[in-house]
1. If you go through segment 104-130, how many residues are in a strand (DSSP E or B), without any contact (Cβ under 8 Å) to a residue 24 or more places away in the chain and not acidic (Asp, Glu)?
2. What do you reckon, is residue 92 charged (D, E, K, R), over 30 Å from residue 140 (Cα atoms) and modelled with pLDDT under 85?
3. Looking only at segment 81-92, decide whether some residue is in a loop (DSSP other than H, G, I, E, B) and either surrounded by 14 or more Cβ atoms within 10 Å (Cβ to Cβ) or at positive phi (or both).
4. Applying the selection to segment 48-80, what residues are part of a strand (DSSP E or B) and among the hydroxyl-bearing types (Ser, Thr, Tyr)?
5. Taking into account only those residues within segment 84-112 that are among the hydroxyl-bearing types (Ser, Thr, Tyr) and in contact with a strand residue (DSSP E or B) (Cβ under 9 Å, 6 or more places away or on another chain), which is farthest from residue 73 (Cα to Cα)?
6. Can you confirm whether residue 46 is of a type in the set (D, E, K, R), exposed (fewer than 10 other Cβ atoms within 10 Å of the Cβ), modelled with pLDDT of 70 or more and more than 30 Å from residue 130 (Cα to Cα)?
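The values are calculated or read from the model by the stated rules, or taken from the named source; none is laboratory data. Everything numeric in this text was worked out from a predicted model, so none of it was measured. Using ideal geometry, Cβ is built from the backbone for each residue, glycine included, and neighbour counts are taken over all protein chains shown.
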Amino acid sequence: MVKLIRWMPPAPRGYRTLDQVVDDLWRAGWLNPARYNTDTARPVLRPAMDVTQDKTGVIIRVDLPGLTAEDVTVEVHGDLLTISGEIRAAEEREGEQYHVRERCAGAFKRSLRLGEMVDVERIEATFENGVLTLAVPMRPEAQPKRIEVRTA
């Protein structure tokens, strides 16, 4: 049986290969995941979002567990829709010690370009069971029209 080995030409004198650079970064700790302690690392808050479209408009659903409608701001500037808010940290009680802390807190912001064919004046927002739903209707001139074909 033949054994295939990937051959990489040596780097020119004075240059380093990408593998060498990555190895050095790993050894220095910059790429090592153990460097980031879960108690101190602050993840980027980016709530999960689904965007669907049908012939009547666009539906945007954003998962915001633990929040209420008052905690969320929805703004439209031109064709840019922005959803923002803040997830508050859980109260720490005296005498409690965390063993695992994965729930994150902080401000978040998600933005979408809607395009010219949506009617931003008629956007409807509902908040139910931790899910923000935005119904963005299409302008009447952007909706498909059925043209009747008559016989001669």
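1. Start the filter on segment 104-130 by keeping residues that are in a strand (DSSP E or B), which leaves 106-113, 118, 124-128.
In the following step, the residues that additionally are without any contact (Cβ under 8 Å) to a residue 24 or more places away in the chain were identified as 124, 126, 128.
After this cut, where a residue has to be not acidic (Asp, Glu) as well, the list is 126.
Selection size over segment 104-130: 1.
2. Numbers: charged (D, E, K, R): yes; over 30 Å from residue 140 (Cα atoms): yes; modelled with pLDDT under 85: yes.
So residue 92 fits the description; yes.
3. Step one: filter segment 81-92 for residues in a loop (DSSP other than H, G, I, E, B), giving 88-92.
The next check asks that each one be either surrounded by 14 or more Cβ atoms within 10 Å (Cβ to Cβ) or at positive phi (or both); those that pass are none.
Within segment 81-92, none of the residues are in a loop (DSSP other than H, G, I, E, B) and either surrounded by 14 or more Cβ atoms within 10 Å (Cβ to Cβ) or at positive phi (or both).
4. Filtering segment 48-80 for residues part of a strand (DSSP E or B) gives 49-53, 57-63, 72-77, 80.
52, 73 - these are the residues of segment 48-80 that are part of a strand (DSSP E or B) and among the hydroxyl-bearing types (Ser, Thr, Tyr).
5. If we take residues in segment 84-112 being among the hydroxyl-bearing types (Ser, Thr, Tyr) and in contact with a strand residue (DSSP E or B) (Cβ under 9 Å, 6 or more places away or on another chain), then 111 is farthest from residue 73 (Cα to Cα).
6. The answer is no for residue 46.
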